[in-house]
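Beneath this line is the structure, given in structure tokens, with notes to follow.
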Amino acid sequence: MTFMRESFIVFRRQLRMNLRNPAWVIIGMLQPVLYLLLFGPLLEPLIDQFGAQNAYTFFVPGMLVQLGVFGAFFAGFSLIGEWREGVIEAERVTPASRTALLVGRLYRDLLQLLVQAVILVALGFALGMVASAEGILLGVLLTLLLGGACAAASNALALSTKSEDVMAPVINMVMMPVLLLSGILLPMTIGPAWLERASDFMPIRHVVDGVRASFVGDLGGSAVLWGGVWALVLFALAIWWGTATFRKENA
Amino acid sequence: MIHARGLVQTFDTRQGRVRTQVRAVDGVDLDVAEGEVVGFLGPNGAGKTTTLRMLTTLLRPTAGSATVAGHDVVAEPVQVRRAIGYVSQAGGAFSGARAGDEVVDHGMLYGLPRDVVEQRGKALFERMDLPGLWARMPRSMSGGQKRRLDIVMGLIHEPQLVFLDEPTTGLDPQARANLWEHIRDLRDRLGVTVFLTTHYLDEADALSDRIVIIDHGRIVASDTADALKAQVAGDLVDLELVDRDRLADAAQRLATLVDGRSEVEVVDHHVRARVPRAGRSVPGLIRDLDRVGIGLESIEVRRPTLDDVFLSLTGRSLRDADAAGPQEGGPTTALDEAAVPVTPGTATGTPTAGPPPGPTATGSTTPGPTTTQGALR
Ligand SMILES: Nc1ncnc2c1ncn2[C@@H]1O[C@H](COP(=O)(O)OP(=O)(O)OP(=O)(O)O)[C@@H](O)[C@H]1O
Ligand SMILES: [Mg+2]
């Protein structure tokens with residue numbers, strides 16, 4: 001109860017500050033639209049080679065995960081600014097739960113992701129995507145878990161490094177393999193075997209597969225199962241890490 | 001309110017390949033009673049902020065223990081947090097959010113209902129001279145307003161104890177004097193115990209009932225400003241004579257008051273010496289001089305400054321101890337507080353420089369635009 005209240009106070013504060021920044025709102029809305037309109041048409045002629053039926057049923061889930069992961073990776077940057085102005089310390093000196101201080105911030109990132117998901121799915125349908133409501137719901141849920149994990153990790157990284165200059169290269173270094181090995185844009189199955197083996201070690205790839213499978217309607221399959229397991233594991237680990245940094249945040 | 005025993009904090013730092021351990025706080029014992037205003041004085045890097053962060057549960061002590069407001073900082077951090085307010089060196093309100101929103105959110109994190117926080121916050125804005133700034137962003141506030149806003153945030157849950165980390169650093173003299181008034185008010189009107197760090201000598205002197213001096217992570221002294229000064233140096237007595245020929249005679253008579261740790265100095269028309277409890281002995285000296293016909297142009301009795309105290313405790317001047325060196329515009333001379341010029345006529349009547357704590361002796365620098373800044377940065 002207290003936890004919900006505390007995290008909601010933090011969330012409301014974050015949201016208020018973000019909404020004051022129109023760029024945040026506009027870019028957040030435009031991202032899914034642009035990806036879908038400018039990248040989707042490139043995939044349409046290739047779709048047979050992927051072993052998929054419908055370009056948008058294939059592409060929308062990938063986009064969803066991409067927005068979840070990449071938007072969330074940058075969530076930590078605003079935390080550094082707050083830390084510098086003593087905001088984190090002021091929050092940490094209140095009796096509020098350390099996890100609530102983190103999770104309140106995640107709500108904001110998850111809300112942003114949810115709005116983007118709605119736009120993406122609506123637009124996907126408009127462009128000819130075929131998917132069931134349950135499949136979409138489950139897929140979005142998996143994406144939210146993964147996005148929450150990435151945002152929590154980004155916050156933890158921000159509080160550990162306390163410097164944009166240190167954090168930016170680290171984020172870039174993480175993003176590269178994620179983008180290349182998780183099959184967000186193109187499926188890993190079309191590559192050579194060694195590349196596909198390598199991608200097996202990328203947890204996010206399994207979440208992408210899971211989201212795709214659930215959009216297609218294969219809700220009981222192993223792809224959804226493993227995607228769900230990985231999303232949960234990553235989420236739990238990241239929350240634990242983030243809470244730990246809020247707890248000690250030593251400076 | 002605060003009882004700390006053997007607090008230690010070590011940090012691992014790395015310079016290139018060499019890993020070193022910094023003992024930022026090295027065995028600090030502290031006791032602060034309810035209703036006290038304690039000034040925590042020390043040069044840059046002495047360990048003030050680190051000590052505060054341990055007392056406010058933000059940093060876990062490497063060793064030692066502390067109870068704050070009746071609760072152990074390690075075992076019961078939540079209870080400690082409920083009872084204390086902390087205004088950090090950096091502040092606490094985000095520059096791009098509205099001041100009122102920040103105050104309300106901060107108060108609500110203590111579990112207070114919104115209407116209570118809003119009402120209290122607005123009352124505190126009035127009390128802290130921030131009228132009409134509720135909807136303003138801290139980014140467009142003056143340094144003094146911003147600092148007062150930070151203090152409002154630290155007080156919103158009506159703590160019994162507040163920690164202020166360098167509340168006036170970076171403020172101009174008027175803003176400092178104004179903030180001093182507000183800090184005095186905390187105790188006088190709200191009954192709050194105040195623990196404040198500073199590296200301004202005049203500030204510690206003007207605000208605190210008691211001064212705790214820290215250097216290299218260790219407490220080197222803890223007493224009232226007056227007792228610290230009395231224990232160390234004695235008051236500086238400076239007599240300016242009308243007639244140079246009588247200097248030797250006057251010096252001899254002054255020497256009888258000196259307790260051996262100090263000697264009499266003769267410069268131009270002046271004889272000077274450090275005299276313990278000058279308020280008690282100087283009136284007699286003046287009567288004596290008057291009787292033998294040694295005419296005086298002026299008399300000055302000056303209480304020792306905290307810089308004298310620091311010098312005698314550590315062998316270094318407070319300002320030398322600061323690696324950064326003086327940078328603020330103000331004069332960096334020790335504060336000449338409570339300088340008590342006395343004319344011979346009145347001095348024989350009522351001693352103006354009383355023994356510590358005498359009526360003027362406790363006097364501190366008068367806050368105001370003319371305040372000498374013992375700036376240590
Ligand atoms: N997180 C940290 N990691 C490593 N060293 C630290 C850390 N925090 C403080 N120190 C070191 O500990 C010592 C004490 O620092 P502290 O901030 O307590 O000093 P201070 O008395 O508050 O100084 P100032 O007057 O400049 O605020 C310094 O030498 C500082 O460099
Ligand atoms: Mg400090």
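The values are calculated or read from the model by the stated rules, or taken from the named source; none is laboratory data. Everything quoted here is computed from the prediction, not taken from an experiment. All Cβ positions, even for glycine, are placed from backbone atoms using ideal geometry, and neighbour counts span all protein chains on display. Just so you know, the surface numbers come from the protein's heavy atoms only, side chains and all, with ligands and any DNA or RNA stripped out. Shrake-Rupley method; radii C 1.70, N 1.55, O 1.52, S 1.80 Å.
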Quiz item: Rg and Dmax of region B:2-229, Cα atoms, in Å?
Solution: 17.6, 55
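Can you tell me which of A:218-229, B:38-49, A:165-176 comes out highest on packing, and rank the rest after it, using the mean Cβ neighbours within 10 Å? Before the final figure, lay out each step's value.
Working: A:218-229: 16.7, B:38-49: 23.7, A:165-176: 13.0.
Output ranking for A:218-229, B:38-49, A:165-176: B:38-49, A:218-229, A:165-176.
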Quiz prompt | Net charge dipole size for the protein assembly as shown [Lys, Arg +1 and Asp, Glu -1 on Cβ; Debye, nearest 20] | solution = 1320 debye
Quiz item: Expressed in nm², what is the orientationally averaged projection area of the convex hull enclosing the Cα positions of the protein assembly as shown?
Solution: 34.2 nm²
Quiz item: Got a number for the accessible area of residue A:241? Probe 1.4 Å, square angstrom, nearest 10.
Solution: 100 Å²
Quiz item: Quick one: which bits of region A:74-106 get at least 20 Å² less accessible when the partner protein chains are in, versus the chain alone, with a 1.4 Å probe?
Solution: A:85, A:86, A:87, A:89, A:90, A:92, A:93, A:94, A:95, A:98
Self-check item: 3J(HN,Hα) from dihedral phi, region A:106-113, Karplus parametrisation 6.51/-1.76/1.60, rounded to Hz, x for glycine, proline
Solution: 5, 3, 4, 5, 5, 5, 4, 5
Practice problem: Rank A:132, A:97, A:214 by mean-square fluctuation in a GNM of chain A with C-alpha springs under 10 angstrom and give only the top-ranked residue. | Solution: A:132
Quiz item: Under the definition of partner shielding as Cβ atoms of other protein chains within 10 Å of a residue Cβ, what is the mean value for peptide B:78-89?
Solution: 3
Exercise. Please check which bits of region A:12-27 a label hung off residue B:135 would reach, taking the label as a point 7 Å along Cα-to-C-beta and the cut-off as backbone N under 17 Å.
Key: A:17, A:20
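Using only alpha carbon positions, build the gyration tensor of region A:2-250, then give the equivalent ellipsoid semi-axes as the square roots of 5 times its eigenvalues, largest first, whole angstrom. Before the final figure, lay out each step's value.
On the way: eigenvalues 210, 71, 55 Å².
Square roots of five times the eigenvalues give 32, 19, 17 Å.
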Quiz item: D for region B:185-256, whole µm²/s, Stokes-Einstein with Kirkwood Rh over alpha-carbon pairs at 20 °C and 1.002 mPa s: what number?
Solution: 136 µm²/s
Self-check item: Theoretical ellipticity at 222 nm over the protein assembly as shown - DSSP helices of four or more residues, -39500 (n - 2.57) apiece, nearest 500
Solution: -16500 deg cm²/dmol
Exercise. With r as the distance between the Cβ atoms of residue A:225 and residue A:77 and R0 = 45 Å, compute the FRET efficiency 1/(1 + (r/R0)^6) and round to 0.05.
Key: 0.85
Quiz prompt | In Å², nearest 10: area of residue B:156 left accessible to a 1.4 Å probe | solution = 0 Å²
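Please compute the length gained on full extension between residue B:223 and residue B:242, using 0.36 nm multiplied by the number of residues separating them and subtracting their Cα-Cα distance. Don't skip to the end; give the middle numbers.
Numbers: separation 19, 0.36 × 19 = 6.84 nm, distance 3.96 nm.
Working it through step by step, the gained length comes to 2.9 nm.
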Exercise. May I ask for the net charge around residue B:31, where only other residues with Cβ less than 15 Å from the Cβ of residue B:31 are counted and Lys, Arg are +1 while Asp, Glu are -1?
Key: -3
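Rounded if a/c is under 1.5, else prolate if a/b is larger than b/c, else oblate: which is region A:180-243, with a ≥ b ≥ c the root eigenvalues of its Cα gyration tensor? Display every interim value, and only then the final one.
Values: a/c = 2.44, a/b = 1.31, b/c = 1.86.
The shape class here is oblate.
Considering only DSSP beta bridges where both residues belong to the protein assembly as shown, give the percentage that are antiparallel (nearest 5).
Details: 43 of 61 bridges.
Approximately 70 percent, going by the DSSP bridge assignments.
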Quiz item: If each of residue A:168 and residue A:190 carries a label point 7 Å out from its Cα toward its Cβ, how far apart are those two points in nm?
Solution: 3.3 nm
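Quick one: which of A:248/B:146; A:162/B:48; A:248/B:229; A:162/B:229 span more than 32 angstrom between C-alpha atoms? Walk me through the numbers on the way to the answer.
Numbers: A:248/B:146 27 Å; A:162/B:48 22 Å; A:248/B:229 40 Å; A:162/B:229 43 Å.
Result: A:248/B:229; A:162/B:229 exceed 32 Å.
Restricting to bridges with both residues inside region B:2-229, how much of the DSSP beta-bridge set is antiparallel, in percent to the nearest 5? Spell out each step's value before the answer.
On the way: 25 of 43 bridges.
In region B:2-229, DSSP labels about 60 percent of beta bridges as antiparallel.
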